[in-house]
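The values are calculated or read from the model by the stated rules, or taken from the named source; none is laboratory data. Note that the coordinates shown come from a computational prediction; the quantities given were computed from them, not determined experimentally. So basically every Cβ, Gly included, is an ideal-geometry build from the backbone, and we count neighbours across all protein chains shown. To get the accessible areas, we keep the full protein, side chains included, count just its heavy atoms, and leave off ligands, DNA and RNA. Shrake-Rupley method; radii C 1.70, N 1.55, O 1.52, S 1.80 Å.
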Amino acid sequence: MRQQRAPGPSTALLDVVIPVHNEEIDLAPCVRRLHAYLDESFPYPFRITIADNASVDGTLAVARELVETLPGVGVLHLDRKGRGLALRTAWSGSDAPVLAYMDVDLSTDLAALLPLVAPLISGHSDLAVGTRLGRGSRVVRGAKREIISRSYNLLLRGTLAARFSDAQCGFKAIRRDVAERLLPLVRDTGWFFDTELLVLAQRAGLRIHEVPVDWIDDPDSRVDIIATALADLRGIWRLATGALSLTEVRAQLGRAPLAAPAGPVPAGLPRQLLRFAAVGLASTLAYVTLYALLRTGIGAQPANLLALLVTAVANTAANRRLTFGISGRRHVARHHLQGLVVFAVGVGLTSSALALLPHLVAHPPRSVELFVLVGANLVATVVRFLLLRIWLFHRRATGEGG
């Protein structure tokens, strides 16, 4: 690792890190644009740190030229590749009270920078993230990336109970005292670094501030989507199944511990999955039995609808109490109405399976019908759990149970 500090006094309040890998063409115009904006519009002393992680083109030479020509610009060179590694190294070596980073393409409107860091400067928040998925955000990008981004953040909400809306926007900031305690706990050195940092911060009870941003997609993005997606899934699995005590971090940072769950069921994902599976198994057995009884007198589609409707009401009530620990009658009507919407998803999946079956098997026997319906119900069960956890019962941790 080689580092060339920015010239001048080290009194910067904000250190903006730009991680780069083989960006010799875009680096200079982007850094000059950022420097001009900060110099003209940002009311606090700043520093720009170019974190070059293992570039093999002329990126490092361009960065060193920028250091010589622009005051307050420094460069850090790492011999190993990894955006997370570059950020952790740059942030760990900075003396600025507030640390930020943004992608070299400057896809995010720079007018959001001051709203991003202001709550950290004041001490109100611990981390701040730009969001492309919040109200007030304006985004220009293709449908493919839009779907991938929304699906990923929906997955985070369903598996890790994430309360932040956009984990991957390359526009984030953190207080240095918070970074000193959180960074040693972050294991990922690649693209999952952001997500892991935010999940750990949330689990530690830290305050995460979100800023809606204007964002224009870079058509020249070089991210390997498949490799990144696989790495993200491995990271999600590690965080969902691993145990990590953050009590000491909460105590050191002065935030009050999170309130204990009101009900007998812990808020953790593994326990919820086990209880949801038990409720789902009982519901499936009841559904199959009821369908078989109704099928002796009526057609397949009406029998499926009635069997699902009866078991859906019981399923919502059981998951409300047993899986998510919500007791009492508060919001019970709303929960059941929302449960019927979730039930409609199951109807759509199973009805579609029944409608498709005759086109695949001529005159299918009842045993094949049941087999296909059980398979469709398994898919519907996964969707149901995500919807229940994200939509219906996401307020449980704030004391809705009673």
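Counting only heavy atoms of the protein chains and using a 1.4 Å probe, E369 has close to 20 Å² of accessible surface.
With all protein chains kept in place, the per residue accessible area of the stretch 10-69 amounts to 43 square angstrom at a probe of 1.4 angstrom.
Annotation: the antiparallel percentage among DSSP beta bridges lying fully within the stretch 1-116 is about 15. Proximity of backbone amide H atoms, modeled 1.01 Å from N, is registered between L76 and Q4, I50, A51, D52 at under 5 Å, excluding neighbours fewer than 5 places apart on the same chain. Its Cα centre serving as origin, the stretch 133-233 has a Cβ charge dipole (Lys and Arg +1, Asp and Glu -1) of approximately 380 debye. Judged by the gyration tensor of its Cα atoms, with axes a ≥ b ≥ c, the stretch 46-154 is oblate; a/c meets the 1.5 cut and b/c is at least as large as a/b.
Share of carbon and sulfur in the accessible area of the stretch 1-144 stands at 53%, probe radius 1.4 Å. The residues neighbouring V213, those whose beta-carbon lies less than 10 Å from its own, together hold a net charge of -2 under the Lys/Arg +1, Asp/Glu -1 convention.
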